[in-house]
Structure formats: C-alpha cells, structure tokens
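Read through the structure below, which is laid out as structure tokens, and then see the notes.
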Amino acid sequence: MNITAPCVVSLVWRLEDTQGNLIDELQDPVEFFFGGDDLLAKVEEALQDQDVGFEAKLHLEPEHAFGEYDPDLVFFEERSIFPEQVEPGMQFDGVPEGAKTEGMPADAIYTVTEVYPTHVVLDGNHPLAGIALRLDLKVREVREATDEEIEAGSVGQPAFTVMNAAPTGSQLH
C-alpha cells in the first residue's frame with residue numbers, strides 16, 4: 001500500500017541536531033497518522049506515495065520543524081504562584097494560574113527553564129525551536145486508517161520524545 005492520506009504509517013527514526021547530537025531515536029516502530037497532525041509537513045512530503053521499506057535522510061531547518069526561537073515567549077513569574085517542587089523541565093498548559101504577565105498565548109505549553117528563590121522563568125517556545133534537525137527515517141508498515149483515526153486526524157501518539165534536549169521534559173508537543 002502506498003502512503004496517501006489518510007493512512008497510518010509505522011516509522012523508526014533517528015533525530016539529531018546538525019552537530020550530530022542525538023535528540024530522539026525510535027528503534028521500535030511507532031504509528032503516525034499520515035494526512036493529519038501527527039507528522040511535520042516536510043516529513044509527510046517525503047513520505048507521500050512511498051511504501052514499506054522507504055528510507056529518507058531529511059534536513060529540517062527551523063521553519064520546517066518547530067519554528068524559529070521567539071524571545072518574546074520567555075517571561076518570568078513570581079515563585080509563589082508555583083508548586084513548592086517546581087523545577088526546570090516542568091511544563092504547563094497555558095500561562096500558570098495567578099500569573100501577572102499578560103499577552104502570552106493561552107494555548108502554548110510553557111516550560112520552566114530556571115527556578116530562583118523569588119521567580120521562575122517560563123519559555124513558550126517548543127524545546128526544539130530555532131534548531132535545524134537531521135532526521136533519518138524508515139517506513140516499517142503502512143495500513144488504512146480507522147474511522148476513529150480519520151475523525152481525530154491522529155493516532156494519538158506524541159511525535160517526539162526528548163533525550164538530552166534542553167529544556168528536558170518527557171514529551172515534545
């Protein structure tokens with residue numbers, strides 16, 4: 001079966017920055033919805049009309065991956081509005097409750113980058129924003145998408161996990 005939207009592809013890959021530092025590696029195949037929100041547009045472009053066994057080595061500039069780094073998405077808030085155990089790498093969906101900073105996107109995921117006695121630094125950029133990436137991928141399986149997957153536009157898997165990326169967290173969104 002050729003890869004055409006909508007379908008589900010099982011991939012393995014190795015994701016590195018352009019210095020060769022490992023960011024993510026899928027050694028066991030993971031399913032992604034093709035034609036929805038699960039994969040980056042440049043990855044889908046490379047996979048279009050391919051089949052099982054297809055391999056690609058992609059170079060992704062920031063604008064084709066997780067965007068340019070925006071320093072305006074970095075701000076600090078009083079330490080007192082956070083849980084006592086707040087630490088770098090923790091993430092919040094939206095601006096934390098009690099925040100005084102205004103005008104930040106409400107739907108962003110904010111990562112704690114630094115914790116000080118009086119304040120906490122938050123960053124609304126994707127952890128890989130501003131970074132050019134190398135992605136070596138291989139298609140292991142292609143199947144028809146279920147009605148539920150088509151309706152959701154996703155198989156529900158996170159696109160990338162984080163290894164040795166700063167700030168670290170369990171999942172990249």
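Quick look at the numbers
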{"quantity": "Quarter of Cα convex hull surface for the chain, i.e. mean projection, nm²", "calculated": "10.9"}
{"quantity": "Label-to-label distance, nm, for residues given as Met1 and Leu22 (7 Å Cα→Cβ offset)", "calculated": "3.2"}
{"quantity": "Theoretical FRET efficiency, 1/(1+(r/R0)^6), r = Cβ-Cβ of Leu73 and Asp51, R0 41 Å, to 0.05", "calculated": "0.55"}
{"quantity": "Partners for Lys138 among lysines (Cα-Cα distance below 16 Å; same-chain residues under 8 apart left out)", "calculated": "Lys42, Lys57"}
{"quantity": "Value of D in µm² per second that Stokes-Einstein yields for the range 97-138, Kirkwood Rh from Cα pairs, at 20 °C (1.002 mPa s)", "calculated": "165"}
{"quantity": "Top of Val43, Val115, Val139 by mean-square fluctuation, Gaussian network on the chain, Cα under 10 Å", "calculated": "Val115"}
{"quantity": "Compactness of the range 71-123 - radius of gyration and Dmax, Cα, Å", "calculated": "9.9, 27"}
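Here, each number is a calculation from the coordinates, and none is a lab measurement. Every value quoted in this text rests on a predicted model; they were computed, and no experiment measured them. Methodologically, a virtual Cβ is constructed for each residue, glycine included, from the backbone with ideal geometry; neighbour enumeration extends over all protein chains shown.
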